[in-house]
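K.L.:
Take a look at this one; I'll ask things after.
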Amino acid sequence: MPTFTKIMTKNPVFRVSGLPAQQPDDELKAMLTTEINKRLTEHERSTADVEVAIVPACSDQRRKVALVEFGGDWPHFLRELLDGTKDVWPLKVTPKRYYNFDCEFSGFTQLYKTATDAVTADVVAITGLGGHAYGSWRSRSNLRQMWLRDFLSEDHPNCRTMTYGYDSKLLGKGTGKIMDFSRTFIEELKKVRNKDQQRPLFFIAHSFGGIILAYCLSHAAARSNMDNNAALHAIYQATYSIFFFGTPHKGMGVDNFRRMMGKNDNGRDALLDDIKKKSSVLEHLQDDFRNIIRERKIVSFYELNQTQQADYDHENQRWARTGHYDTAVETQSALLQLPDAIEEKIPLDGDHSTMVKFNADTDAGYTSVLGRLQQYEREAPSVVEGRFVHAVRTATKRPCDTHWMVPRAVNSLFTGRTELIQRITSALRDDGASNSIRKQLVITGMGGIGKSEVCLQVANALRPDFWGVFWVDVSSEATAKNGFIAVSKMLGSPVDNIEGVLSVLASAQERWLLILDNADDDKTDFKRYIPSGTRGTLIITSRVSDCSQHSTVPAESLKALEEQPSMQLLLKAAQVQEDQWQRYEKPAQEIVHLLEFHTLALIQAGAYIAKGYCEMHEYPEKYELHRKQLLEHYPRQEQSRYQHVYATFEASAERLMRDEAGLDALELLSILGTLSTSMLPLQLFEEAWHEGRRLLKEHNEQHNEERIEEHVIAYYLPKFVDVKAAEWNDRRLTEASTLLDSLFLVTRSSTDGASDLSMHVLTHAWARDRLQAQQQQQAWVSAGSLLALSTGKTKTWQMWERGVRLHLLSLLAPEAEDVVTWGPRMHMFIILLRCGWTLHNLREDDWLMNLAYDIREELMFERYLMIQASFRQLAGRNALCRREFDESIGWFFGLVEMLTAEGKETLSNHIIEAQHLLAAAYRDNHDFDEALDLLEHLLHVRRSTLPEYHPDLLRSKIALALAYHADEQKEEARDLVEDVLEVCNTRMEEIVPEQLDLQYTVGFASGVVGLTQEAVEMLEHVVNARMTALPEHHSDVLCSQHELAKAYAANGHREQGIELMEGVIAAREQILSADHPWLRHSKEELWMMKYHQLPVIVAVHTWQGNGYII
């Protein structure tokens, strides 16, 4: 996509407007040629080849326009247009008459005079963002031909071909967005089409121009032919074909544009947000456009070559295409993915810019366009005429609106959803198409989102189109029977059963609309309530997503309102006068986001405020304190069917109490309500099952009283995770999650092939509030065992760390003193302890500190030795992470004393490990004498009992070396590390089980003592091995890369270190919070590498995965 508006400096073409239509073309041409020659320099007159062409003005019959091309360079007398000091250059021909030169070609410009007055069609070309209305279509060859003008004037002479220009500059001050550009285009197009609205329209759109067009046609399609927007709807009716060239329907990369704009206050930021990849604006626009364009001819061209990006040319002080190459609009974005019968998909051998610049009339791209234009010119007149004739017939032969049976009037609070209502009414109106298939529309969505209210709006809008509109509540067999009998009575029929009424409707000759509301029972086949045959029109509302299969037109899945209409709905419900809305904008916005745009919840909140129970700015605080009470408050007027939010959710839950799948779904729902609303990977359940099975197997095979009996928590996993089964089976989990998703109680999605569940904030609150106290406790224990057993080191935790972290924090919100009463105390301590270690792995230091203090109070009088030991080690490591060294010494010293006091030989390894931790705390607290004494003793003990290649002995040497180094005994530190390196290089095959962890530790220590080359070699091996065995963003991989980057820099390869550290930071930014210690540490190291010229000194402390290297 062009990055800025490119003015034509070679062979420039100007537009001259304001010429009188009554003056013959030859006279105008001669007059302009004379006036131009007067103003050319002597050199320009001798070299310039001036060509003048007279064409009609597009929308003003009193005027003509001239297109003036100068062979060679830009004429001097028009330099003010080139440098931008003037938008137009006036040519004075009489004291009172001026003709205006411009080079921007804003608005519509006809490119050539048609061969005859009998114009067969209008061809409209729209350029892209940063393009030029004339220059973007012009070849870069020496001839500088503009195919829309030079080729089509010969090959397509009877069509009026126009180009449309707009303020597309990226570096200007424009603030327009898609809607603004489209509205301007619509307004100008209506002007040029004013005299013949039924003339066929062919559009040619490049890049962003296609987005403008899509919005325009979506808007035009939704306007009735008989209302005040007849001229706008006529544009849609007359549109026969569209040629899309590289249009980013699904967005495009905008980083290059942002780099060009820099930090300037530029109004284009919002527009770039709208057209970036995965833009929700484009997603909604594409959905709308695909629905209304199916009866038009679509030709989508996509680029095969990459486009050179812009870089700043400091010498010439301008942006130029000298950067790297990239695909501007990817193929999947350039295609609407409509069936081939509707959309032709054609690749072009060009980049994003040259794909619309044809050098010759034999170019493949041009011949593809021309052949279709000539075909469409023959076909279009009769088709377009038929559309307008049918529209007139439909408008003049309206149904008689005889029967009207709906449950209530439209809600006066109804707000927004204008485009949705228009889309539905457009889809269901009689369009004269074949009646071989009945139009049936299914609207799905979560309870309370507004499905029934949308139906009321649609029914009112379509009422004049139908002989009868009938509404039946099918929430149960009884209500359905009563509803159909009521239809029978209204029709004067004696039939008193559902089947009979369906037959009456099926045989009716008149047009009718039947609305089946509340088709929410997933066990019912609602086809039984649909009349046979093809007559009539149906709308079905359901909170069961599977009901969409009954739709014969594109189904609608109702989402939450946008922010602005949500705020308006709240203010209406709160009975705030419209002239006061701006005053309440901020508190209203806060409430809207608090309730996540849920329609019924906003009405309830407004009613609560209107009753005077609180001021609007007080509602969020009231909600936090009394959520359940507020969400069960409802207005006495304008009520929903279920009155309040919780009731509509509970109606779904009642349908789950029938079978095993439903009960599993309720158990899963209670677990989700205990955790956070963010995405929960279903893979966690499988990982928890595997860990539970492993612990049970270990317990059965080797019972050890010096081990924590962790296997017991496996029995608290939910029933649908059968830990007693020999193999993992996800059938019940899949059925439960699918059932909740089908009822819109959760959202099930898939990322990178892995399924996950998330919840709306209100369904989440309801799922927790609906439980009794004991049920809440049981849900916490199940959720706790799930997170405790899935641990923080699995692949899933690494991939989803940022989201799963929120679940862990939500789980640990209750006080520990309460949690330990929700089951056997030891079992609850085990869950808390395992979750605490996960907090440590995730470096949630403050959360872990608070949890440790709480657990300490509860553990104070317990005799669970190994739980006490694990807890003290965890608390001590946490203190080290927080650099509270005195505190960590206290924890580790107490741990050593406690284990030693037991006097058991089986605890010797635990005691040595605790002493190493104590020594690390001494070292970091600069108590070097204590640290060295203890570490030298431990090394002596291990030398006397372990072989020289044993990992524990090697780690003791490394720990002592780091202490020596911290105490400035550099030579002793280096000797110990070299000793370890020699063992590693000769005996590593004998320590395979812990090879990588040990090599990482050795590589780290080598860097500390200045053996930088050895550090690089060791860490490169670790990084390569871990990248092969672990996910790309696993914490162990990133920690290894972090240390390797530092080693590169210390070894003199600073650029290599910087590049690797930048990659570590980019990866950590994807999975960690902005203030995470690991991310912050990597950024600090990168800053050191970039701005300090001395070799980087590797620090004594580092963090690796779940441990503190000592």
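K.L.:
Look through LEU733, LEU696, LEU757 and report the one residue that is modelled with pLDDT of 85 or more, in a strand (DSSP E or B) and more than 23 Å from VAL819 (Cα to Cα).
P.N.:
Going through LEU733, LEU696, LEU757 in turn, the sole match is LEU757.
K.L.:
Now, a different point. Identify, please: which residue in region 999-1016 is within 41 Å of the chain's Cα centre (by Cα) and not aromatic (Phe, Trp, Tyr) and is, among those, modelled with the lowest pLDDT?
P.N.:
GLN999
K.L.:
Counting residues that are in contact (Cβ under 8 Å) with a residue 12 or more places away in the chain and of a type in the set (Val, Ile, Thr), which helices (runs of 4 or more DSSP H) fully inside region 109-201 reach at least 2?
P.N.:
Answer list for region 109-201: 178-192.
K.L.:
Shifting gears a bit: Check region 32-51 and report whether any residue there is surrounded by fewer than 13 Cβ atoms within 10 Å (Cβ to Cβ), in a loop (DSSP other than H, G, I, E, B) and of a type in the set (Asp, Glu).
P.N.:
Checking region 32-51: not a single residue is surrounded by fewer than 13 Cβ atoms within 10 Å (Cβ to Cβ), in a loop (DSSP other than H, G, I, E, B) and of a type in the set (Asp, Glu).
K.L.:
Determine whether THR354 is of a type in the set (S, T, N, Q) and at pLDDT 95 or above.
P.N.:
It is false that THR354 is of a type in the set (S, T, N, Q) and at pLDDT 95 or above.
K.L.:
Being in the same structural domain as ARG193 (by TED's automatic domain parsing), closer than 19 Å to ILE54 by Cβ, crowded, with 20+ Cβ neighbours inside 10 Å and of a type in the set (Ser, Thr, Tyr) is the filter here; which residues of region 89-144 pass it?
P.N.:
Correct list: THR109, TYR112, TYR134.
Results for (1) modelled with pLDDT of 90 or more; (2) among the polar types (S, T, N, Q); (3) assigned by TED's automatic domain parsing to the domain that holds SER17, shown as yes or no for each residue.
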position: MET31; (1), (2), (3): yes, no, yes
position: LEU40; (1), (2), (3): yes, no, yes
position: HIS43; (1), (2), (3): no, no, yes
position: THR47; (1), (2), (3): no, yes, yes
position: VAL52; (1), (2), (3): yes, no, yes
position: SER59; (1), (2), (3): no, yes, yes
position: VAL65; (1), (2), (3): yes, no, yes
position: VAL68; (1), (2), (3): yes, no, yes
position: GLY71; (1), (2), (3): no, no, yes
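K.L.:
What do you reckon, is ALA725 under 30 Å from LYS523 (Cα atoms), of a type outside the set (D, E, K, R), over 36 Å from the mean Cα position of the chain (by Cα) and surrounded by fewer than 21 Cβ atoms within 10 Å (Cβ to Cβ)?
P.N.:
Taking the combined requirement at face value, the residue satisfies it.
K.L.:
Sticking with this one: Just one of (1) closer than 17 Å to ASP997 by Cβ; (2) free of Cβ contacts under 8 Å to residues at least 12 places away in the same chain trips up PRO951, so point out which.
P.N.:
Status for PRO951: all satisfied but (2).
K.L.:
Mind listing just one residue for me: the one in region 515-540 that is surrounded by fewer than 17 Cβ atoms within 10 Å (Cβ to Cβ) and without any contact (Cβ under 8 Å) to a residue 40 or more places away in the chain and, of those, farthest from ASN482 (Cα to Cα)?
P.N.:
Selected residue: SER532.
K.L.:
I need a count of the residues in region 71-94 that are part of a strand (DSSP E or B) and within 49 Å of the chain's Cα centre (by Cα).
P.N.:
Counting residues in region 71-94 that are part of a strand (DSSP E or B) and within 49 Å of the chain's Cα centre (by Cα) gives 2.
K.L.:
Got a sec? Which of ALA788, ALA765, ALA813 is surrounded by 22 or more Cβ atoms within 10 Å (Cβ to Cβ), at pLDDT 85 or above and not basic (Lys, Arg)?
P.N.:
Testing whether each residue is surrounded by 22 or more Cβ atoms within 10 Å (Cβ to Cβ), at pLDDT 85 or above and not basic (Lys, Arg) leaves just ALA788.
K.L.:
Name the single residue that is modelled with the lowest pLDDT among those in region 357-397 being acidic (Asp, Glu) and surrounded by fewer than 17 Cβ atoms within 10 Å (Cβ to Cβ).
P.N.:
Selected residue: GLU385.
K.L.:
Out of region 500-514, which residues are buried (at least 22 other Cβ atoms within 10 Å of the Cβ) and over 14 Å from TRP467 (Cα atoms)?
P.N.:
Listed by number, the list holds a single entry, VAL501.
K.L.:
Here's another thing I want to ask about it. Can you pull out the helices (runs of 4 or more DSSP H) entirely within region 888-991 that have at least 1 residues that are closer than 25 Å to MET866 by Cβ and polar (S, T, N, Q)?
P.N.:
The qualifying helices (runs of 4 or more DSSP H) are 908-924, 928-945, 951-966.
K.L.:
Select from region 482-506 the residues that are in contact (Cβ under 8 Å) with a residue 12 or more places away in the chain and not aliphatic (A, V, I, L, M) and write down the one among them that is nearest to ILE437 (Cα to Cα).
P.N.:
Here the residue is SER503.
K.L.:
Any residue at all in region 555-572 that's at positive phi and either surrounded by fewer than 17 Cβ atoms within 10 Å (Cβ to Cβ) or not hydroxyl-bearing (Ser, Thr, Tyr) (or both)?
P.N.:
no
K.L.:
Kindly indicate which of ARG97, ARG138, ARG144, ARG62 is farther than 29 Å from LEU272 by Cβ and either under 45 Å from the mean Cα position of the chain (by Cα) or among the aromatic types (Phe, Trp, Tyr) (or both).
P.N.:
Just one listed residue meets the conditions, ARG144.
K.L.:
Looking at (1) in contact (Cβ under 8 Å) with a residue 60 or more places away in the chain; (2) aliphatic (A, V, I, L, M); (3) not assigned by TED's automatic domain parsing to the domain that holds VAL1064, which is the only condition VAL1008 fails?
P.N.:
(3)
K.L.:
Still on this model: Hey, does region 823-843 have a residue that's without any contact (Cβ under 8 Å) to a residue 40 or more places away in the chain, farther than 22 Å from GLY692 by Cα, in the same structural domain as GLN776 (by TED's automatic domain parsing) and under 47 Å from the mean Cα position of the chain (by Cα)?
P.N.:
No, there is no match, as no residue in region 823-843 is without any contact (Cβ under 8 Å) to a residue 40 or more places away in the chain, farther than 22 Å from GLY692 by Cα, in the same structural domain as GLN776 (by TED's automatic domain parsing) and under 47 Å from the mean Cα position of the chain (by Cα).
Here is a yes/no grid of residues against (1) at pLDDT 90 or above; (2) within 27 Å of SER280 (Cβ to Cβ); (3) crowded, with 22+ Cβ neighbours inside 10 Å; (4) not hydrophobic (A, V, I, L, M, F, W, C):
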{"site": "ALA205", "(1), (2), (3), (4)": "yes, yes, yes, no"}
{"site": "ILE211", "(1), (2), (3), (4)": "yes, yes, yes, no"}
{"site": "ALA230", "(1), (2), (3), (4)": "no, no, no, no"}
{"site": "ALA234", "(1), (2), (3), (4)": "no, no, yes, no"}
{"site": "PHE244", "(1), (2), (3), (4)": "yes, yes, yes, no"}
{"site": "PRO248", "(1), (2), (3), (4)": "yes, yes, yes, yes"}
{"site": "GLY253", "(1), (2), (3), (4)": "no, yes, no, yes"}
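The values are calculated or read from the model by the stated rules, or taken from the named source; none is laboratory data. Note that the structure is a prediction, hence the values are computed from the model and not measured. Note that each Cβ is placed from the backbone with ideal geometry, even for glycine, and that neighbours are counted across all protein chains shown.
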